[in-house]
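Structure record follows, encoded as structure tokens.
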There are 2 protein chains.
Amino acid sequence: MTENKLTHKAIQDLYSDDLAHCFGCGKNNKEGHQLKTYLIENETIAHFTPDAKYTAIPGSVYGGLIASLLDCHGTGSAAAFYCQHENILLENPLPVRCVTASLKVDFKTATPMGTKLELKGKLQKIDGRKIWVDMTLSADGIVCVTAEILAIKLK
Amino acid sequence: MTENKLTHKAIQDLYSDDLAHCFGCGKNNKEGHQLKTYLIENETIAHFTPDAKYTAIPGSVYGGLIASLLDCHGTGSAAAFYCQHENILLENPLPVRCVTASLKVDFKTATPMGTKLELKGKLQKIDGRKIWVDMTLSADGIVCVTAEILAIKLK
């Protein structure tokens, strides 16, 4: 299915309206981050430029924001990979929505403020409704953070 | 040192002014969450009531916010436990400030909106500048989330 290998719609924008209020990525949460995750071939990608208020130690991005972005990129990636795996079309409303069971975030080096961050995701494995995704967060081409999520597909 | 066993000041309010801008817990970040962690005997505690916008699936608290709170409670707890371990007085400005190397968050059940959340922390171990803290996040007496942080004391 070509549509699943290169979609121009963000996964989160395909979530059904009643499940699209997430502060991190819901299209129906006007006060939230509205993170957008795209599936391109076998990888997911998202970009985000933090506002100045999301500081940790001055000059570095707040780790809590980073964990938040990875949480939403992770559940979005899990939904995308599950659809790809099960040959489910990426269309609105998406019949697949995932939640986080476990998130591990490893901060390798400080993430600098004032630059666009790039999040990537790759499928690790799928077992029933459990989906594991490996992620990175980079700034200026340098991987600052790695992460792993175990997401569960809602029934 | 009695002062270290029951302090009425939040750990984050003792951070030196130049290191107190964190979005999650910095007293100098007026737009942030301003989480406050207290050391009571051998345990740390913090409370936080999420605003309605911090929704995930409607009715549940956004996992990204939960990770954020645990990140700040974790680094604050690590600083407090390090001081307790090294007999450093909990006073302003605190000579100890920790950052996150790794954070693992396990979501056991959905965290309900509209209620005060309680975060607790216990020291797991200290090895040089590395401090491991185990944490829980509860709502209405039920542990919804468990977490582990590896924090590093800044030089």
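The values are calculated or read from the model by the stated rules, or taken from the named source; none is laboratory data. No experiment lies behind these values; they were computed from the predicted model shown. We place every Cβ from the backbone using ideal geometry, glycine too, and count neighbours over all the protein chains shown. We work out accessible area using only protein heavy atoms, side chains counted, and drop any ligands, DNA or RNA first. Shrake-Rupley method; radii C 1.70, N 1.55, O 1.52, S 1.80 Å.
Would a scan of region B:54-75 turn up a residue that is free of Cβ contacts under 8 Å to residues at least 60 places away in the same chain and more than 24 Å from A:GLY32 (Cβ to Cβ)?
no
Residues B:ALA110, B:ALA79: which one is modelled with pLDDT of 95 or more, at negative phi and assigned to a loop (DSSP other than H, G, I, E, B)?
Details: B:ALA79 fails: assigned to a loop (DSSP other than H, G, I, E, B).
Unique residue meeting the criteria: B:ALA110.
Residues in region B:45-67: is at least one of a type in the set (Gly, Ala, Ser), assigned to a helix (DSSP H, G or I) and either at pLDDT below 95 or farther than 21 Å from B:ASP140 by Cβ (or both)? Please lay out each step first, then the result.
The initial filter retains those residues of region B:45-67 that are of a type in the set (Gly, Ala, Ser), namely B:46, B:52, B:56, B:59-60, B:63-64, B:67.
Filter once more, so that each one left must be assigned to a helix (DSSP H, G or I): B:63-64, B:67.
Among the residues that remain, those that are also either at pLDDT below 95 or farther than 21 Å from B:ASP140 by Cβ (or both) are: B:64.
Looking through region B:45-67, at least one residue is of a type in the set (Gly, Ala, Ser), assigned to a helix (DSSP H, G or I) and either at pLDDT below 95 or farther than 21 Å from B:ASP140 by Cβ (or both).
In this structure, is A:LYS36 in contact with a helix residue (DSSP H, G or I) (Cβ under 7 Å, 6 or more places away or on another chain), open to solvent by 10 Å² or more (accessible area, probe 1.4 Å), assigned to a loop (DSSP other than H, G, I, E, B) and modelled with pLDDT of 95 or more? Give the derivation first.
Details: in contact with a helix residue (DSSP H, G or I) (Cβ under 7 Å, 6 or more places away or on another chain): yes; open to solvent by 10 Å² or more (accessible area, probe 1.4 Å): yes; assigned to a loop (DSSP other than H, G, I, E, B): yes; modelled with pLDDT of 95 or more: yes.
When the stated conditions are applied, A:LYS36 passes them.
Looking at A:HIS47 and the list (1) open to solvent by 60 Å² or more (accessible area, probe 1.4 Å); (2) within 14 Å of chain B (Cβ to nearest Cβ), which single condition is not satisfied?
For A:HIS47, the failing item is (2).
What's the total number of residues in region B:120-142 that are more than 19 Å from B:ASN42 (Cα to Cα), assigned to a strand (DSSP E or B) and either open to solvent by 70 Å² or more (accessible area, probe 1.4 Å) or among the hydroxyl-bearing types (Ser, Thr, Tyr) (or both)?
Here the count works out to 1.
With respect to B:SER77, is the statement that it is over 12 Å from the mean Cα position of the chain (by Cα) and more than 10 Å from chain A (Cβ to nearest Cβ) true? Spell out how you get there, then give the answer.
Values: over 12 Å from the mean Cα position of the chain (by Cα): no; more than 10 Å from chain A (Cβ to nearest Cβ): yes.
In short, no.
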